[in-house]
1. Per DSSP H run of n ≥ 4, the term is -39500 (n - 2.57); total these for the chain, divide by its residue number, and report the mean residue ellipticity at 222 nm rounded to 500 deg cm²/dmol.
2. Quick one: compute the contact order of segment 252-340, relative version, from alpha carbon pairs under 8 angstrom and 6+ residues apart, as a percent.
3. Quick one: order 456, 319 by neighbouring beta-carbon count within 10 Å, fewest to most.
4. How would you classify the chain from its alpha-carbon gyration tensor, with a ≥ b ≥ c the square roots of the eigenvalues: rounded for a/c under 1.5, else prolate if a/b is greater than b/c, otherwise oblate?
5. Given the Cα-Cα distance of residue 139 and residue 425 and 0.36 nm per residue of separation, how much length would full extension add, in nm?
6. Sorted from fewest to most neighbouring beta carbons within 10 Å, what does the list 11, 42, 426 look like?
7. For helix 17-49, report the angle its Cα long axis makes with the longest principal axis of the Cα atoms of the chain; keep it between 0 and 90° and round to the nearest 10°.
8. So, by mean Cβ neighbours within 10 angstrom, what's the order for 264-271, 384-391 with the highest one leading?
């Protein structure tokens, strides 16, 4: 079937703006929250049943938590390219260039396959060295190595799923990725219980369950793309690199991946600072709080992420006046959702933390400090993400990367090495303060760049209207 005869995509440049955003973002939020729920299930299972004694369970939970920053650091470079693929598809759909969409889809799938294999190889080979580099405590290290290697075995499938899901969302379809993830997530929870309760594999079992569920979601989304007649149709015989789409994917996606990795580098340094306390209790409390904060971030980030798809289609269609309202609505929705969730989770903090680390009073107190200093001002991070995704929707990727390098990464590192280590190395609260301070600086820095983009295109709507009239 020719590209021209395929079923229409969802046009994000027409209709009621708020309604469009909500209808687009809700499945995206549900997908991300569902994914986080399954990750939380991992944490609860390993925290409650990952060992025979409380000490063993604490070590298993700390092992899983210690791997997160390193995993994100390695993976995010390749995941960033999926952002590039999504923006390219959105631009092409907005401009009604469906042949370009087809080439982008097949180029992105090829890129995901190569990236997945490389990521797995790096993860399997360098896991011990990477964990030792951030100073993971010796009592935690063996379990952490097993978990991280198992996790990396699922990377080819995880990248394929994320690239394909990004392109589906760019075409306006956020519901199907939700369905695929739901099926894979249920399988993940069941496998967690089997691996931990039946086979007694602790952190390793959770890693294996996660890898298997990644392959399930990947198989589902690939099967759909092979059958769909929409703009994101996949033909296995056409999977190759097309020069122009690949160049654009790299131009937008590589800086996005670097930006994500910059966040990860700063988080690795935070993780190293946590390890400097030499306390599995602190790491366990931090891990539990991070899981709760993940829900705040996920809802905000999903809303912010929709701004990239909306911006991409509007830029392709050259509808900049309408786009201003779109961007403002995204900022408002991010604030409302982020601040509301932050307050709810903080007020219910102790019983929620107790679900992860039952009866561990010291770890729960650490978690409450994190919820107060990181959780409550988390909406500022949502502003940061909205600015970043909006810039990428414009097709600009260098500026967001530079802003994040200076704000969220460099400034955070400066804080840790000039404030935390020299003067407050025994105070976890002073470590946590690095988050809201760097979020605020970075979020503010995005504003003039977004204003500049609108000024640059301020006459294009009028020119289109004149041309259509003539």
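Quick note: the coordinates plus some simple rules give every number you see, no bench work behind them. Bear in mind the structure is a predicted one, so any value in this text is a computation, not a measurement. Backbone-built Cβ (ideal geometry, glycine too); neighbour counts: all protein chains shown.
1. -26500 deg cm²/dmol
2. That works out to 28 percent.
3. Taking fewest neighbouring Cβ atoms as first place, the list is 456, 319.
4. prolate
5. Contour length minus the Cα-Cα distance gives 100.8 nm.
6. Listed from fewest to most nearby Cβ atoms, that is 426, 11, 42.
7. Relative to the chain, helix 17-49 is tipped by roughly 20 degrees.
8. Those peptides, ordered most packed to least, come out 384-391, 264-271.
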